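The structure appears right after this line, and notes come after that.
Nothing in this text is a laboratory measurement; each read-out follows from the coordinates by a stated rule. This one's a predicted model, so the numbers in the text were calculated from it and none came from an experiment. Backbone-built Cβ (ideal geometry, glycine too); neighbour counts: all protein chains shown.
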Amino acid sequence: MMTVFAHDGEAQFEGVWTTITSAKCFDPVLLDIPKEATHWVRYTTGATAALMLNEVLTGGTSHSTCRLVGKATETGTAGTDDTGILLVNSISGAFEAETLTGGVSSGTVAIIQDFIPLITIVQPKAALITVKTASLQFTLSGLTPTVTTGTNHGHQMDPGQSYVIRGYHNIRKFKCINATNANGSIMEYSLLF
């Protein structure tokens, strides 16, 4: 008997999408990582103003600094209530669970840990998606998925189900939407490089 192990890469980014009331896809900054990026971290509670690329971010507790080179907003509106992923470089010291403030924009975001070193800046090989709450519809071809009561385009995934998307172009063309309008669908993902 032969056992085959499918190696899909190393996990680099993890996130969660909520309020998927219109078709959503992966942010291009996560698929084509800026060459100058060296670290990343998830953020929440974006407020005051949208952070600006190339501005220096300062930790409110650690007083450490870094330069923002990429930002993927996953939910909300940048600068008011957003969550997502920050890509940075030029880290001056360790960060902790704290609020970061932009030196130019005065925007703020909260992080729960220090920045994580990037393992690579190549494009992702695979993506693991899991439906945590309420069904969603997804497509891999670039076709916009629709709710089941509409034109019903896409594959349906129900809570607790997971799916592995293989190949950069399939990940780039992936789109999803809640299966029923405003059903509160939540999708978690890991991008593997």
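If you wrap the tightest convex hull around every Cα atom of the stretch 35-117 and split its volume per residue, you get 70 Å³.
Cross-link partners of K24 among lysines, defined as those whose alpha carbon lies under 24 angstrom from its own and excluding same-chain residues fewer than eight positions apart: K71, K125, K132, K173, K175.
Between K71 and L87, the built amide H atoms are under 5 Å apart, and every one of these is 5 or more places off in sequence or on another chain.
Where the eigenvalues come from the Cα gyration tensor of the chain, what are the semi-axes √(5λ) of the equivalent ellipsoid, largest first, in whole Å? Taking √(5λ) for each eigenvalue gives 31, 21, 13 Å, largest first. You can think of it this way: the chain between T48 and L128 has 25.5 nm of extra reach, that is 0.36 nm per residue less the Cα-Cα gap.
Note on the chain: dipole from Cβ charges, positive end direction compared against H153, M52, G107; the farthest Cα belongs to H153.
Where only DSSP H runs of four or more residues are counted, the chain gives -1000 deg cm²/dmol as its mean residue ellipticity at 222 nm, each run worth -39500 (n - 2.57). For T99 and I119, the difference between the fully extended length at 0.36 nm per residue and the C-alpha to C-alpha distance is 4.7 nm.
Computed on the chain, with alpha-carbon pairs under 8 angstrom and 6+ residues apart, the relative contact order is 29 percent. Placing pseudo-labels 7 Å out from each Cα toward the beta carbon at T180 and T144 gives an inter-label distance of 2.4 nm. Reducing the stretch 118-171 and the stretch 79-100 to their Cα centroids gives an inter-centroid distance of 27 Å.
Applying 0.36 nm per residue to the separation of T19 and Q161 and subtracting their alpha-carbon distance, the gain on full extension is 49.3 nm.
Modelled spin labels at T151 and V56, positioned 7 Å past Cα toward Cβ, are 5.1 nm from each other. Only the Cβ atoms of Lys and Arg (+1) and of Asp and Glu (-1) were treated as charged; on that basis the dipole of the stretch 35-117 about its Cα centre amounts to roughly 200 debye. When each of the peptides 81-93, 108-120 is scored by how many other beta carbons lie within 10 Å of its residues on average, the order from highest to lowest is 81-93, 108-120. Loop-located GluC sites (Glu not before Pro) across the stretch 56-137 with a Cβ neighbour count of 14 or fewer within 10 Å are E96, with loop assigned by DSSP.
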